[in-house]
Amino acid sequence: MEFHNPKEMAVALSAEAGELLQHFVWQSPEQSLERLSARREAIASEMADIAILLFEMAENSGISLPDAIDAKLRLNESRYPADKARGSNKKYSEL
């Protein structure tokens, strides 16, 4: 459990997210789509690393990830009503 405490898991998640981001740094939207196609397997592997760590952290923390996702989606629906938020990048407090 030495390396599976919440802090270490969060650090590992951040590091893996950084590795995913490295595939797209300084890429235009079009280039990032090309990169995804060209490096699909490597990018999928980084995404899997993130998912594995996230699910393990949730399990270790006693958090139901599906329940947490559902609650967050409901919260976002109330914060960002479609009629106000569609086509906008404003924060919910600015809508």
Exercise. Conditions: (1) touching a helix residue (DSSP H, G or I) at 6+ places or on another chain (Cβ under 9 Å); (2) free of Cβ contacts under 8 Å to residues at least 12 places away in the same chain; (3) of a type in the set (S, T, N, Q). Asn60 meets all but one. Number of the miss?
Worked result: (2)
Seminar exercise, completed: Residue count, segment 15-52, condition surrounded by 12 or more Cβ atoms within 10 Å (Cβ to Cβ) and of a type in the set (Ser, Thr, Tyr), comes to 2
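So which of Ser37, Ser32, Ser45, Ser78 is outside the structural domain of Met9 (by TED's automatic domain parsing), without any contact (Cβ under 8 Å) to a residue 40 or more places away in the chain, polar (S, T, N, Q) and farther than 21 Å from Lys7 by Cα? Working first, answer last.
Working: Ser37 fails: outside the structural domain of Met9 (by TED's automatic domain parsing); Ser32 fails: outside the structural domain of Met9 (by TED's automatic domain parsing); Ser45 fails: outside the structural domain of Met9 (by TED's automatic domain parsing).
One residue alone meets the criteria, Ser78.
Would it be correct to say that Asn89 is of a type outside the set (Val, Ile, Thr), exposed (fewer than 11 other Cβ atoms within 10 Å of the Cβ) and not assigned by TED's automatic domain parsing to the domain that holds Asn5?
Details: of a type outside the set (Val, Ile, Thr): yes; exposed (fewer than 11 other Cβ atoms within 10 Å of the Cβ): yes; not assigned by TED's automatic domain parsing to the domain that holds Asn5: yes.
Yes; evaluated as a whole, the condition is true for this residue.
The values are calculated or read from the model by the stated rules, or taken from the named source; none is laboratory data. Every value quoted in this text rests on a predicted model; they were computed, and no experiment measured them. Neighbour counts run over all protein chains shown; Cβ positions are idealised from the backbone, glycine included.
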